[in-house]
1. From the set of residues in the stretch 161-191 that are closer than 18 Å to TRP211 by Cα and among the β-branched types (Val, Ile, Thr), which is modelled with the lowest pLDDT?
2. So which pairs qualify, if the first residue must be in the stretch 191-206 and more than 19 Å from GLU180 (Cα to Cα) and not assigned by TED's automatic domain parsing to the domain that holds ASP270, the second must be part of a strand (DSSP E or B) and modelled with pLDDT of 95 or more, the Cβ gap must be under 8 Å, and the two must be at least 6 apart or on different chains?
3. Could you tell me which of the residues ALA74, ALA79, ALA90 is closer than 23 Å to GLY314 by Cβ, aliphatic (A, V, I, L, M) and in the same structural domain as ASP299 (by TED's automatic domain parsing)?
4. Could you tell me which of the residues THR303, THR355 is modelled with pLDDT of 95 or more, within 16 Å of the ligand (Cβ to nearest atom), within 14 Å of the chain's Cα centre (by Cα) and not assigned by TED's automatic domain parsing to the domain that holds ALA407?
5. Could you list, ordered by first residue, the pairs with Cβ atoms under 7 Å in which the first is in the stretch 222-238 and more than 15 Å from CYS168 (Cβ to Cβ) and within 12 Å of the ligand (Cβ to nearest atom) and the second is part of a helix (DSSP H, G or I) and of a type in the set (Phe, Trp, Tyr), at least 6 apart or interchain?
6. Condition first: of a type in the set (Lys, Arg) and closer than 17 Å to THR385 by Cβ. Now tell me which residues in the stretch 397-422 satisfy that.
7. Looking at the stretch 53-82, which of the residues that are in contact with a helix residue (DSSP H, G or I) (Cβ under 6 Å, 6 or more places away or on another chain) and not acidic (Asp, Glu) is nearest to LEU333 (Cα to Cα)?
8. Report yes if ASP181 is of a type in the set (Asp, Glu), within 16 Å of the ligand (Cβ to nearest atom) and free of Cβ contacts under 8 Å to residues at least 40 places away in the same chain, otherwise no.
Amino acid sequence: MKLLLKGGQVYDQGTFVPMDIEVTDGVVTARSASISATEYDRVLDVSGLHVFPGFVDVHVHLREPGFSYKETIATGTRACARGGYTTVCAMPNLNPAPDSDEHLREQEKLIQQNAVIRVLPYGTITLGQKGEGELTNMAALAPRVCGFSDDGRGVKERETMREAMLNCKAVDSIIAAHCEDMSLIPAGGAIHDGSFAREHGIPGIPSQSEWGPIARDVELIRETGCRYHVCHVSAKESVEIIRQAKAAGLDITCETGPHYLLMCQDDLQDEGRFKMNPPLRDKADQEALIAGLLDGTIDMIATDHAPHSAEEKGKGLAKSAMGVVGIETAFPLLYTHLVKPGIITLAQLVEALTTAPRQRFRLDGGLNVGDRAEITVFDLNAPSTVNPEDFLSKGHATPFEGWQVDARCRYTICGDKIAYEN
Ligand SMILES: [Zn+2]
């Protein structure tokens, strides 16, 4: 297929340049101020629109195999495409978990059959994704996964993590760590251990259950030299530990999510759609995360898109399942509520959604000549309100229901496919 994007404002190293882009059989083959629109299978008129490299999310839950009542590869990747995402990394809390060649093959088959964008699986760190016990054969899995994670569970024992890091280092892969010390939450927790939890008698999750394991793992990175990425940073102490680790030259990166940047416990209502793990923390944590994004401590933004059924999310803060959807609203929300008020620049946002994850996870794709085409086109003057009824995801639980957004995805191009158009 030969495709021409005509008349757009194209993102180019921090600025926007009026340019046409030609894509031939899934590869960007030309970019220039004006390409004449003859001999194309499709010409997309993108005048007045902004053209970005396709977004990358290194942390999504697509729920298949095993939990197709929550989400499927088909619905999940359509939702990703609607959010402007062209590559996502799928977390391995599945059934079966991708902990062996055979189990990984099941997931790969579903991806091949049903994905409308690129999906890269994580392999698990431990067998059965238990956070303890026997380690997977990383050497066997590494060529087919984007990295290793036990997301949903922290790796409990220091020695287990040390060995995992040594194995990971040996195969030159990356560990994406869900940092949570369950021993600090013996009764289980539902929301941040702060004012809302105390006032409403809801069991709390202390920040230390996150920063404790990060501090432990920083020592292990120092010892092993493993490439290491912290998932969903939510606490101010975590930001400071990672800042210090980077200053010491350690091979560490991290992500945070749109909800941690735009909300805190002051926004909580006693509804399941406000419940995720880690939880919305204090205003001071939210501010520290924004400061971390601005000074480069936080490398990238990942949604932790975690769909559940309406029933699972309909039991209030105390009893609902952990996790909210986010892939369809991430860019519109961040653009409207961080970029437009001048808190971060559009270039910083694009960096956190494209360049940073691609570099860290060594992914190709983009909108430069020679790239495998990953291109997303947004209208930045299209006001609407977040309405879960519009979602392509099966999950509808979002804390941002009713929020105003000014950006709308118009096209998402992944390889030789137009994965989404509106
Ligand atoms: Zn997690």
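1. Of the stretch 161-191, the ones closer than 18 Å to TRP211 by Cα are 161-162, 175-186, 188-191.
If we keep only those that are among the β-branched types (Val, Ile, Thr) as well, we get 175, 185, 191.
Working: ILE175: 98, ILE185: 94, ILE191: 98.
For the stretch 161-191, the residue satisfying everything is ILE185.
2. Qualifying pairs under 8 Å: none.
3. Numbers: ALA74 fails: closer than 23 Å to GLY314 by Cβ; ALA90 fails: closer than 23 Å to GLY314 by Cβ.
Of the residues listed, the single one that is closer than 23 Å to GLY314 by Cβ, aliphatic (A, V, I, L, M) and in the same structural domain as ASP299 (by TED's automatic domain parsing) is ALA79.
4. Details: THR355 fails: within 16 Å of the ligand (Cβ to nearest atom).
The unique qualifying residue is THR303.
5. Going by the 7 Å Cβ cut-off, the qualifying pairs are SER234/TYR260.
6. At the first step, the residues of the stretch 397-422 found to be of a type in the set (Lys, Arg) are 408, 410, 417.
If the condition is that a residue be of a type in the set (Lys, Arg) and closer than 17 Å to THR385 by Cβ, then ARG408 is the only one that fits.
7. Here is the first cut: in the stretch 53-82, the residues in contact with a helix residue (DSSP H, G or I) (Cβ under 6 Å, 6 or more places away or on another chain) are 55-56, 58, 62, 64-65, 73-74.
Checking the rest, the ones that are also not acidic (Asp, Glu) come to 55-56, 58, 62, 65, 73-74.
Details: PHE55: 14, VAL56: 16, VAL58: 18, LEU62: 21, PRO65: 30, ILE73: 24, ALA74: 24 Å.
The qualifying residue nearest to LEU333 (Cα to Cα) is PHE55.
8. On the way: of a type in the set (Asp, Glu): yes; within 16 Å of the ligand (Cβ to nearest atom): yes; free of Cβ contacts under 8 Å to residues at least 40 places away in the same chain: yes.
Yes: the conditions hold for ASP181.
The values are calculated or read from the model by the stated rules, or taken from the named source; none is laboratory data. Values in this document were obtained by computation on a predicted structure and should not be read as measured data. Neighbour counts run over all protein chains shown; Cβ positions are idealised from the backbone, glycine included.
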